[in-house]
There are 2 protein chains.
Amino acid sequence: MNSMEIELLGRHNRLVKEIKRLSQSAIRDERGRFLVEGRRVVQELALSQVEVEELLLGESLLQAEGEPPWLEGLWRRQPELRVWMVADSVLESLSNTATSQGFLAVARRPTLELAQFLKAKRLLVLSQIQDPGNVGTLLRSGLALGIEGALLCGGADPYNPKVVRAAAGAVFHLPLYRFREEELASWSRRLEAEGFTILTAEAHGGRSLIGIEPPRSWALVLGAEVKGVDSAWQSQAHWPLHIPLAPQSESLNVAAAGAIIMYELARAGATRGGVES
Amino acid sequence: MNSMEIELLGRHNRLVKEIKRLSQSAIRDERGRFLVEGRRVVQELALSQVEVEELLLGESLLQAEGEPPWLEGLWRRQPELRVWMVADSVLESLSNTATSQGFLAVARRPTLELAQFLKAKRLLVLSQIQDPGNVGTLLRSGLALGIEGALLCGGADPYNPKVVRAAAGAVFHLPLYRFREEELASWSRRLEAEGFTILTAEAHGGRSLIGIEPPRSWALVLGAEVKGVDSAWQSQAHWPLHIPLAPQSESLNVAAAGAIIMYELARAGATRGGVES
């Protein structure tokens, strides 16, 4: 194991303060770093290609279970990584989710080649979705259902610790690009110019999802929880879609609707010889 | 409007205390009542057939907007209903969700005829699902996608205020029946005896959801977030189902998986001449 050993984080208060700051979106942007919290998602991080900058493990977790089984592999990938044992109370004071479960990491944001991104055939666009749980769940569903990248306009920051946790590892695998609300109209035109058909999820109206033949390249736009998809997405290459619902029902949660639409696009695409397992 | 007027809730501390108690599951069971919080879901309650026992409206909400537009209709349905204006601080102290948005009600649980319930063709079974947001979202999706009733075993109480809010009105329309974990095996046998095929959602293995022909009567069982469906559901009339996922992905969130499976069952059922709009 060479010099790789777990150090005690005691008087290194600078690091604790720096980690606290990463719960702010502006600081995350400036530093190009983000927080990852929770047993499962820290494990997903360790097994991904994303660079880990710091790893903090809770004292009672280490006493009860010893080193996590993936730590050796992570050190092989990043021999310089410093791993800290932290008092449980310090770890919980740093946690932005209900509990860190003894696992907290600082990771470096992957850099993104926009040109590469636009070569995709299946993009997810989250337009002003506020709830971190919804954003995270949609990224997780997107990765599982064949999405190649996600564009996010306004709404919750995809590197918000709550989003990272709900995404269950999807932020380590999916290329993500965030733009400001003022850029919405220009992004809509750009996707159209790049050959994407803009699919929008609507509560009512438009085509029924059932029986749809997916276009060759598409960007599925999901809108804010209450007010729906911004009118700037109604470009010329625009297909409004709705999921047929029972008469008593008003609407679906946006993460449920997104999962259904991505599933149907994958299923219908596979039926006519596209990708599927 | 007769004597129907909004009263000031000031010294009626007995009511405030009683409402506070309703955040406990055991008290809700004992009283047969539950709390409903938030603008949208209180409106859904007012427009449903569920009996409203108390309605509390926030002071600044009433000052800014006046009486809610649905209040007259609710009073027509329930002329005896008492409606209270409450200081915002009192209302927020009673709220179990992030904010009540100025709307809080006490409602009476609908009574359920179990025999009626078992005449359904499409049931949802939530087996030990802990997260209130997941339970609420699944009930909301279920109502929208043609489910006729839900059985809940362990996990979050469907009358937990967070579940009620996430369900966006579905608890007022869907027949719900809750049973204890000890009764799991007997409920599994009972559903089978009543002619239901038990569909279980699995992370891997079993039949692919794509291409499935739904049986005539089915009960879809979704299991706990991490450990999955309890083995007691693996009866003789049991179809394990999985959603084909991209290789990088571990699994879907249970509410996303449930939405996809219910959608596919409705879609495939409709294709061979079942129900759909």
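Values quoted throughout were computed directly from the atomic coordinates according to the rules given, and no laboratory measurement underlies them. This structure is a prediction, so every number in the text was calculated from the model and none was measured. In this analysis, Cβ positions are derived from the backbone assuming ideal geometry, glycine residues included, and neighbour counts consider all displayed protein chains.
Out of A:L191, A:L71, A:L245, any idea which swings most in a Gaussian network model of chain A, alpha carbons joined below 10 Å? Result: A:L245 has the largest fluctuation of those listed. Comment: the Cα-to-Cβ extended label point of A:E213, at 7 Å, lies 2.6 nm from its counterparts in the other copies, nearest first.
Using only Cα atoms, what is the ratio of the radius of gyration of chain B to 2.2 N^0.38 Å?
Dividing the Cα radius of gyration by 2.2 N^0.38 Å gives 1.10.
Taking every residue in B:165-177 and counting other chain Cβ atoms within 10 Å of its Cβ, the average works out to 2. Averaged over peptide A:130-141, the number of partner chain Cβ atoms lying within 10 Å of each residue's Cβ comes to 3. Averaged over the residues of A:143-152, the number of partner chain Cβ atoms lying within 10 Å of the residue Cβ comes to 3.
In this Cβ point-charge picture (+1 for Lys and Arg, -1 for Asp and Glu), the protein assembly as shown has a dipole of about 520 debye about its Cα centre. Gyration tensor analysis over the Cα atoms of segment A:43-129 returns equivalent ellipsoid semi-axes of 30, 18, 11 Å (largest first, whole Å).
Measuring nothing but how far apart in sequence close Cα pairs (under 8 Å, 6+ apart) lie, relative to its length, chain B scores a relative contact order of 18 percent. For the protein assembly as shown, the alpha-carbon coordinates run over 79, 58, 53 Å along the three principal axes, in decreasing order.
Projecting label points 7 angstrom from Cα along Cα→Cβ for A:Q248 and B:A203 puts them 3.4 nm apart.
Applied to segment A:215-222, the Karplus parametrisation 6.51 cos²θ - 1.76 cosθ + 1.60 on θ = phi - 60° returns per-residue 3J(HN,Hα) values of x, 5, 10, 9, 10, 8, 9, 10 Hz, with x for Gly and Pro. Between segment A:111-187 and segment A:1-65, the alpha-carbon centres lie 23 Å apart.
Across the copies of the chain, B:S231 has label points (7 Å from Cα along Cα→Cβ) spaced 6.0 nm apart, shortest distance listed first. In plain terms, the residue of A:V36, A:V106, B:V171 with the fewest other Cβ atoms within 10 Å comes first and the most crowded comes last, giving A:V106, A:V36, B:V171. The residue among B:I147, B:G211, A:T99 whose Cα reaches farthest toward the positive pole of the charge dipole of the protein assembly as shown, with charges on the beta-carbon of Lys, Arg, Asp and Glu, is B:G211. With no solvent and one equal point scatterer placed on each C-alpha of segment B:114-271, evaluate the Debye formula and give log10 I(q)/I(0) for q = 0.08 Å⁻¹, two decimals. So the normalised log intensities are -0.19.
Counting Lys and Arg as +1 and Asp and Glu as -1, what is the net charge of the other residues whose Cβ lies under 12 Å from the Cβ of A:A150? So the environment of A:A150 carries a net charge of +2. Across the identical copies, the 7 Å label point of B:G10, projected outward along Cα→Cβ, sits 6.0 nm from its counterparts, in ascending order.
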